[in-house]
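Engineer: Got a structure here, written out as structure tokens. Questions coming.
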Amino acid sequence: MFKITPQCSICEKEIQPNEEIYVKMRYPEKKGMTEIKAFIQYQGKIICEECNNK
Ligand SMILES: [Zn+2]
């Protein structure tokens with residue numbers, strides 16, 4: 001799914017398979033969501049469930 005190793009942007013914990021995550025990102029300016037993976041890699045902040053609940 002991700003080319004880079006996904007990490008929580010707060011605690012820097014490595015995201016485990018099937019772990020529930022939250023992604024904070026801007027909605028792409030372009031129409032449609034086909035670029036969503038690139039957007040997550042460049043602009044998205046992945047937050048693990050533990051940090052999101054704090
Ligand atoms: Zn975290």
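Values quoted throughout were computed directly from the atomic coordinates according to the rules given, and no laboratory measurement underlies them. Nothing here was measured: the structure is a model prediction, and the numbers come from that model. Cβ atoms come from the backbone with ideal geometry, glycine included; neighbour counts cover every protein chain shown.
Engineer: For every other residue with a beta carbon closer than 13 angstrom to the beta carbon of I46, add +1 if it is Lys or Arg and -1 if Asp or Glu, then tell me the sum.
Structural biologist: Net charge in that neighbourhood comes out at -2.
Engineer: Next up: For I10, which sequence-distant residues (separation of 5 or more, or a different chain) have an amide H within less than 5 Å of its own amide H, given hydrogens modelled in the peptide plane?
Structural biologist: Residues meeting the criterion, in which the H sits 1.01 Å from N, are C48.
Engineer: I would also like to ask the following. Along the stretch 19-24, what does the Karplus equation 6.51 cos²θ - 1.76 cosθ + 1.60 (θ = phi - 60°) give for ³J(HN,Hα), rounded to whole Hz, x for Gly and Pro?
Structural biologist: The phi angles translate into 6, 6, 10, 10, 10, 9 Hz.
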